[in-house]
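So the structure is just underneath, and the comments pick up after that.
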Amino acid sequence: MHQPVPLVLFPLFFLWQIPHFWLAAERSSPDYESAGIPVPWRIFGSIRYGRILALWVGAFCVMLLAMPALGFVRSNVAQWVFVGSATALLAGLCFQTLRRFLFHNLNLSMATACFVLVAERLYRG
């Protein structure tokens, strides 16, 4: 095979599918549950579901970062889109993990303030 693009796109789309549909089901959970369709958080339990979802999103982010690093994305703009998307997803994953497991009443403004304080401290040394 001369073109590795399909071999690279397949894992990217594969890793995207599970979190995409699980999060869509989470948004429409009353409809799914009233129809009797099994939902992952009922099958696995809330904590295990969160861990599995975090693993899938993390793997997707690694794949997003690997695309430009391995030279499959050559455009500078596209590289920034891939890296920015992965960074945003990882930041969201960290925020959700902190909110779910450590700080149950953490909101976005508190998380942003903490991030800015830590980033400023790291920048200044």
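Scanning segment 70-85 for residues that are exposed (fewer than 13 other Cβ atoms within 10 Å of the Cβ) and under 20 Å from PHE10 (Cα atoms) yields a count of 3.
Of all the criteria given as (1) surrounded by fewer than 15 Cβ atoms within 10 Å (Cβ to Cβ); (2) in contact (Cβ under 8 Å) with a residue 60 or more places away in the chain; (3) of a type in the set (A, V, I, L, M, F, W, C), the one not satisfied by PHE44 is (2).
Per the listing VAL83, VAL57, VAL5, the residue uniquely aliphatic (A, V, I, L, M), out of contact with any Asp or Glu (no Cβ under 7 Å at 6 or more places or on another chain) and at pLDDT below 80 is VAL5. Pairs meeting the criteria (first residue in segment 15-34 and closer than 22 Å to PHE60 by Cβ, second residue of a type in the set (Ser, Thr, Tyr) and surrounded by 14 or more Cβ atoms within 10 Å (Cβ to Cβ), beta carbons under 7 Å, at least 6 apart or on different chains) are ALA25/TYR32.
Here ALA88 does not qualify as surrounded by 13 or more Cβ atoms within 10 Å (Cβ to Cβ), at pLDDT 75 or above and not aromatic (Phe, Trp, Tyr).
Where residues in segment 91-112 are at pLDDT 70 or above and among the hydrophobic types (A, V, I, L, M, F, W, C), which of them is farthest from PHE13 (Cα to Cα)? Here the answer is PHE95.
The values are calculated or read from the model by the stated rules, or taken from the named source; none is laboratory data. Because the structure is predicted, anything quoted here is derived from the model rather than measured. Ideal geometry is used to build each Cβ from the backbone, glycine not excepted, and the neighbour counts take in all protein chains shown.
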